[in-house]
1. Taking the options C188, C206, name whichever one is touching a residue at least 60 places away in the same chain (Cβ under 8 Å), more than 21 Å from N80 (Cβ to Cβ) and in the same structural domain as A110 (by TED's automatic domain parsing).
2. What do you reckon, is N316 within 16 Å of the ligand (Cβ to nearest atom), more than 23 Å from D123 (Cβ to Cβ), in the same structural domain as I81 (by TED's automatic domain parsing) and among the polar types (S, T, N, Q)?
3. Please verify whether A273 is over 16 Å from the mean Cα position of the chain (by Cα) and assigned to a loop (DSSP other than H, G, I, E, B), treating the condition exactly as stated.
4. Of the residues T104, T108, T115, which single one is buried (at least 22 other Cβ atoms within 10 Å of the Cβ), farther than 23 Å from T215 by Cα and of a type outside the set (A, V, I, L, M, F, W, C)?
5. From the list G254, G260, exactly one residue is within 16 Å of the ligand (Cβ to nearest atom) and within 30 Å of V119 (Cα to Cα). Which is it?
6. Among the residues of segment 134-183, write down those that are more than 17 Å from A236 (Cα to Cα) and touching a residue at least 60 places away in the same chain (Cβ under 8 Å).
7. How do the helices (runs of 4 or more DSSP H) wholly within segment 128-238 filter down when requiring 2 or more residues that are within 16 Å of P255 (Cβ to Cβ): which remain?
8. Applying the selection to segment 82-95, what residues are touching an Asp or Glu at 6+ places or on another chain (Cβ under 8 Å) and either assigned to a strand (DSSP E or B) or of a type in the set (S, T, N, Q) (or both)?
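The values are calculated or read from the model by the stated rules, or taken from the named source; none is laboratory data. No experiment lies behind these values; they were computed from the predicted model shown. Note: ideal-geometry Cβ built from the backbone for every residue, glycine included; neighbour counts use all protein chains shown.
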Amino acid sequence: MKPKVLVTREVFDDVLAYLAGFFEVASNQADLPMDRETLVRNLAGMSGVMTTLVDRVDADLLAVCPTLKAVCNIAVGFNNIDLAACARAGVMVTNTPGVLDDSTADFTWALILATARRVVESDAHLRAGQWQGWYLKQFLGTDVHHATLGILGMGRIGRKVARRAAGFDMTVLYHNARQASAEVERACNATFVSKEALLAQADILCLHVPYTPETHHIIGRPELAMMKPGAILINAARGGVVDDAALVKALAGGPLAGAGLDVFENEPALNPALVALANVVLTPHIASSSAATRHGMAMLAAHNLVAALTTGKPPNLLNPEYRQT
Ligand code: GLV
């Protein structure tokens, strides 16, 4: 008998077909969000699950899902999963690194340009029938070219964002828990600085850190106060990395000129004050969402699930200390 697996949200048909070659697959092609109770019910008897970043996997869930052996997240981030609890329960956890780096970096640039050059605000102006004609000072924005780009978190995505800055003749500064190699710094044309110097010098600050207890509110009131007057903040990493309430204050009263945000605290709920601000570009956590990349993420998660349950060695294993039972 084939092992049973659950796919918690809609995925591409060929991904399901691939999984069906190995497993009895239950999938949620209706794409209805599952609350905890529904998820637990649907996980009964399952050996594996393909989760999305909105499915929380913790010790309580694992305690009532004893047949589970693998949790394969369709995301590079995995702050929705308690890795240690999974390891203790003998459950392998995987993510989808690599496949989404370029698309996420592209989208970070979309946010940079849209925010600095007020694309969304001016689009709304036109659509509302408010355009009365050209004038010199209309929608004055901030130049991106020759500005200083600050990158907090110089992992795979941060580096891709940095490399794209070359075309804009920018100075690129970065801060990271560990300084990158000289080779990476050369390829990215980026200079390592302290977090304080990064905050003080960046005209545009992009966040590319994972969400962990250490990075919770890594950009809060004190950090925002250290930023340059007129600076722009871009967050396509995770909600919770930024203190959204403090951000609202920094956007309304300075020092920030604008923010481009793809992620939020308490998604999908938004801080209503953010929505009321014109100098903010808001998108619904879609930085990786090109058709090719979302397909690549789902297929990589499926490969991880197949490898986990057939060999015990998934390529993107996050908790190698899991206890094999
Ligand atoms: C998206 O946010 C991801 O972590 O892949």
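1. Working: C188 fails: touching a residue at least 60 places away in the same chain (Cβ under 8 Å).
From the options C188, C206, the qualifying one is C206.
2. On the way: within 16 Å of the ligand (Cβ to nearest atom): yes; more than 23 Å from D123 (Cβ to Cβ): yes; in the same structural domain as I81 (by TED's automatic domain parsing): no; among the polar types (S, T, N, Q): yes.
In short, no.
3. Numbers: over 16 Å from the mean Cα position of the chain (by Cα): yes; assigned to a loop (DSSP other than H, G, I, E, B): no.
Judged against the criteria, A273 is not a match.
4. Numbers: T104 fails: farther than 23 Å from T215 by Cα; T108 fails: farther than 23 Å from T215 by Cα.
Result: T115 is the single residue among T104, T108, T115 that is buried (at least 22 other Cβ atoms within 10 Å of the Cβ), farther than 23 Å from T215 by Cα and of a type outside the set (A, V, I, L, M, F, W, C).
5. On the way: G254 fails: within 16 Å of the ligand (Cβ to nearest atom).
Within the list G254, G260, the selection yields G260.
6. Within segment 134-183, T142, V144 qualify.
7. Details: elements: 156-164, 182-188, 195-201, 221-225.
Those helices (runs of 4 or more DSSP H) span 195-201, 221-225.
8. In the first step, residues of segment 82-95 are kept if they are touching an Asp or Glu at 6+ places or on another chain (Cβ under 8 Å); the result is 82, 85, 87.
Answer for segment 82-95, where residues must be touching an Asp or Glu at 6+ places or on another chain (Cβ under 8 Å) and either assigned to a strand (DSSP E or B) or of a type in the set (S, T, N, Q) (or both): there is none.
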